[in-house]
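> Sharing a structure below in structure tokens format, with a few things to ask.
The values are calculated or read from the model by the stated rules, or taken from the named source; none is laboratory data. If you're wondering where the values come from, they're calculated on a predicted model, not measured in any experiment. Here the Cβ is made from the backbone with ideal geometry for all residues, glycine too, and neighbour counts use every protein chain on show. Side chains are part of the model used for accessible areas, which takes the heavy atoms of the whole protein and leaves out ligands, DNA and RNA. Shrake-Rupley method; radii C 1.70, N 1.55, O 1.52, S 1.80 Å.
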Amino acid sequence: MLKEKVAQLLNEQINKEFYSAYLYLYFSNYYTEKGLNGFANWYKIQAQEERDHAMLIMQYMQNNDATVTLEAIEKPEMDLKENIDALKAGLEHEHYVTSLINNIYDAAYTEKDFRTMQFLDWFVKEQGEEETNASDLVRKMELFGTDPKSLYLLDQEMASRVYTAPSLVL
Ligand code: MG
């Protein structure tokens, strides 16, 4: 059985990951409306990854006989003016998610819950990658986003992203 505090934080994280998926779908829709279909594709796939994160945590809790409660998902709403705004908000959001994962890890460590720590190791690594990807996108948009030809090529690069299932198997 998972300790109450750890189970509570994991349950909250399921909701946060679904919110992440929702936020990235919001960005995807925003870029679709702006005609940047590559960026729309990139965020649509990112949303799929976030849903996977939620499902993995849900499965982990179920495997450990913890009760899962699915709460309401917050409505994503942002004032996006420039092409770079969603990318910056995405980076900020990933920093926030990293702090949440670290917080669960800290609770598991305190409880000597080594199984959950090992489960979370994958998420710690994943967050490192998410932050790198999000930060790369901001940098690329800063460098190339103001030139229409470069933006076109960047959008094409974003269009080439394909979905791959998570490497973590429970
Ligand atoms: Mg995630």
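> 222 nm [θ] for the chain, helices only, -39500 (n - 2.57) per DSSP H run of 4+, per residue, to 500?
Values: 5 runs with 128 residues, N = 170.
My calculation for the chain gives -27000 deg cm²/dmol from helical runs alone.
> Counting only other residues whose beta carbon sits under 13 Å from that of D52, what net charge do I get with K and R as +1, D and E as -1?
Net charge around D52: -4.
> Sort 50-60, 106-116 by the packing proxy (mean of other Cβ within 10 Å over each peptide's residues), most packed first.
Listed from highest to lowest mean packing, they are 50-60, 106-116.
> Enter the accessible area of E12 (Å², nearest 10), with the probe set to 1.4 Å and all protein chains included.
In the full protein context, E12 sits at about 80 Å².
> Please give the solvent-accessible surface of Y43 in Å², to the nearest 10, using a probe radius of 1.4 Å with every protein chain present.
Result for Y43: roughly 10 Å² accessible.
> Follow-up. From the residues V97, N83, A47, which one has its Cα farthest along the dipole of the chain in the positive direction, the dipole being from +1 and -1 charges on Cβ of Lys/Arg and Asp/Glu about the Cα centre?
Of the candidates, A47 comes out farthest on the positive side.
> Compute the distance from the alpha-carbon center of region 30-57 to that of region 137-153, in whole Å.
Using only Cα atoms to place each centre, the spacing works out to 19 Å.
> Charges on Cβ only, +1 for Lys and Arg, -1 for Asp and Glu, centred on the Cα centroid of the chain; of A72, T164, Q59, which one is farthest towards the dipole's positive end?
Of A72, T164, Q59, it is T164.
> Rounded to the nearest 0.05, what FRET efficiency do K112 and E4 give with R0 = 25 Å and r taken as the Cβ-Cβ distance? Could you check?
With a Förster radius of 25 Å, E is 0.95.
> Between their Cα atoms, which of K3/K88; K16/K81; K3/K140 are more than 32 Å away from each other? Numbers along the way, then the final one.
Values: K3/K88 36 Å; K16/K81 25 Å; K3/K140 43 Å.
From the list (K3/K88; K16/K81; K3/K140), the Cα-Cα distance tops 32 Å for K3/K88; K3/K140.
> Only four residue types carry charge here, +1 at the Cβ of Lys and Arg and -1 at the Cβ of Asp and Glu. Report the dipole size of region 1-100 about the Cα centre in Debye, rounded to the nearest 20.
100
> Any idea what the dipole of region 21-170 comes to, in debye rounded to 20, about its Cα centre with Lys/Arg Cβ at +1 and Asp/Glu Cβ at -1?
The calculated dipole for region 21-170 is roughly 340 debye.
> What percent does the relative contact order of the chain come to when contacts are Cα pairs within less than 8 Å and at least six residues apart?
Result for the chain is 32 percent.
> Report the FRET efficiency, 1/(1 + (r/R0)^6), for N29 and V162, where r is their Cβ-Cβ distance and R0 is 22 Å, rounded to 0.05.
Efficiency, from the Cβ-Cβ distance: 0.65.
> For a Förster distance of 41 Å, can you work out the FRET efficiency between the beta-carbons of E82 and W122, rounded to the nearest 0.05?
0.75
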